[in-house]
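Data block below; observations after.
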Amino acid sequence: MNKNLLVLPGDGVGPEIMTEALKVLTAVNDKFSLGFTWSTGLIGGAAIDATGVPLPAETLVAAKAAGAVLLGAVGGPKWDALPMDKRPEKGLLGIRSELDLFANLRPAVLYPQLADASTLKPEVVSGLDLLIVRELTGGIYFGQPRGIRDNDGVRQGYNTYVYDENEIRRIGRVAFEAARVRSGRLCSVDKANVLEVTVLWREIMTELAAEYPDVTLSHMYVDNAAMQLVRAPKQFDVMVTGNMFGDILSDCASMLTGSIGMLPSASLDSNNRGMYEPIHGSAPDIAGKGVANPLATILSVAMMLRYSFSEEVAAAAIEQAVSDTLDSGLRTADIASEGVQVVGTQAMGDAVVAALLA
Ligand code: IPM
Ligand code: MG
C-alpha cells in the first residue's frame, strides 16, 4: 500500500486549515504507527503565483504517484479577473478529471452538540445523517462545447450538459453500494421533467435498481429536493445526483449540520484511490485571520484513512476526538451559539490533537 501522500494547501483559508489537519494526521500516524509520509505541492492561485498555471505538471505527476491527496481550498478575489481556463478553480477541476475522481462522497452528519448551531429547528435536524453522492468529472462542468461567443453582435454564453450512460451507471453503482450498507434507501435527484440528460439519468438509475433488490430507489426533481432538504431532511439517507446539482445540494445540506465548515468529502476513482477535501471554499473574507473552522479538513483526514487505507480504527479515533472537542464546549465562530467558548483555527486543531492523545 502506497502511504506517501500529497498535500495541497491551496488558497485562502486552505493553508491554515491544512496546518491543523496535518497536526491531527501526525498525531494518529504516531499513535497507531500508520507509517504515512507526505510532501506538499502547489495548486490553484498559489500555483498561478509561483508557476503561472493553476495545475502545474509537477503537481499532477506527484498526485498520480501519491497514495492519496489531501486538499485545502482554491480560489480568491486576487485571481477572479483571469480568463476561465486560467483560474484557480481550473486546477481543482483539472486534478479531479485527470485522476478520474468521478465519485464524490459528501456526508452531512449533525453532531448532536451542534443542534443549536443550525439555522433550522433542532427537531428538524437532530439525528441527521445523510450522504450525497455527487458525480464529479462530467455533466455541465465539463461538457463541450462551452464558451462565450458572438451571436450577431450579441454576446452569448453557452455550456453543454451531457452524460453518457456509462458515466451515469458508474456513479449509480457507487450510490447503490453505499445505500446497501446504510439504510437501503437511495434518492436519485434529476430534472427529468425538463432536461433530456436527466431523462437518461433516471432511466439508468431505474435499470440499476433491478440489480440491487435490497435498495429502495426513489426519484426526485432537484427543485423539490432542495426544498425537502430544508423542510424535512431526515427523509433522506443516500442521495445521488450529477455534478452541478450535487454542488448546490451539498452546500445546502451542509447548513443543516450547523456550518459548511463541518463537512468533509472524498473524491474517488474506481479503485478507491482518492482526494480528500473540505466541501467549503477558500473563504477569502476570513483568510489569514486564524478563525476558520479546521474540522471539515480534519474530518477529511478521517475519510481518507477509512476509504483509501481501510484504517477504520484511526478514522474513528479522529471522529471521536472531534466529538469530544465539541463536547468540551469549544467552537469556532461559524458554529458558535450563545454562551459557548469561541476559539480560533489553531486552538481548535490543538484541542482535537489533545483529545486524540488523551
Ligand atoms: C466544491 C466547490 C468547487 C465545485 C469549486 C471550487 C470549483 O464549490 O467542491 O463544491 O464547484 O465543485
Ligand atoms: Mg461547491
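See the values below:
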| quantity | calculated |
| --- | --- |
| Rg over Rh [alpha-carbon atoms, Kirkwood Rh] for region 103-225 | 1.08 |
| Hull volume in cubic angstrom per residue (convex hull over the Cα atoms of region 2-141) | 155 Å³ |
| Under 15 Å from the Cα of LYS3 - aspartates and glutamates, other chains or at least 8 residues apart | ASP30, GLU311 |
| Computed Rg/Rh of region 164-214, alpha carbon atoms with Kirkwood Rh | 0.97 |
| Rg followed by Dmax, in Å, when the chain is reduced to its Cα trace | 20.0, 69 |
| Cβ-Cβ FRET estimate between ASN271 and ASP152, R0 fixed at 45 Å, reported to 0.05 | 0.40 |
| DSSP bridge pairs, the chain: antiparallel proportion in percent, nearest 5 | 45 percent |
| Equivalent ellipsoid semi-axes - Cα gyration tensor, region 63-116, angstrom | 27, 20, 10 |
| Estimated FRET transfer efficiency when R0 is 45 angstrom, pair VAL181-ALA50 (beta carbons, to 0.05) | 0.60 |
| Cα-based shape type of region 201-358, given that a ≥ b ≥ c are square roots of the gyration tensor eigenvalues and the cut on a/c is 1.5 | prolate |
| Heavy-atom surface of the chain, accessible at 1.4 Å and reported per residue (Å²) | 42 Å² |
| For region 119-188, the Rg and Dmax computed from alpha carbons only, in angstrom | 18.8, 55 |
| Proximal lysines relative to LYS289, as straight alpha-carbon distance under 24 Å, when same-chain residues fewer than 8 apart are discounted | LYS23, LYS78 |
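The values are calculated or read from the model by the stated rules, or taken from the named source; none is laboratory data. Remember, it's a predicted structure, so these values are computed and weren't measured experimentally. Using ideal geometry, Cβ is built from the backbone for each residue, glycine included, and neighbour counts are taken over all protein chains shown. Accessible surface is based on the protein model in full, side chains and every heavy atom, while ligands, DNA and RNA are left aside. Shrake-Rupley method; radii C 1.70, N 1.55, O 1.52, S 1.80 Å.
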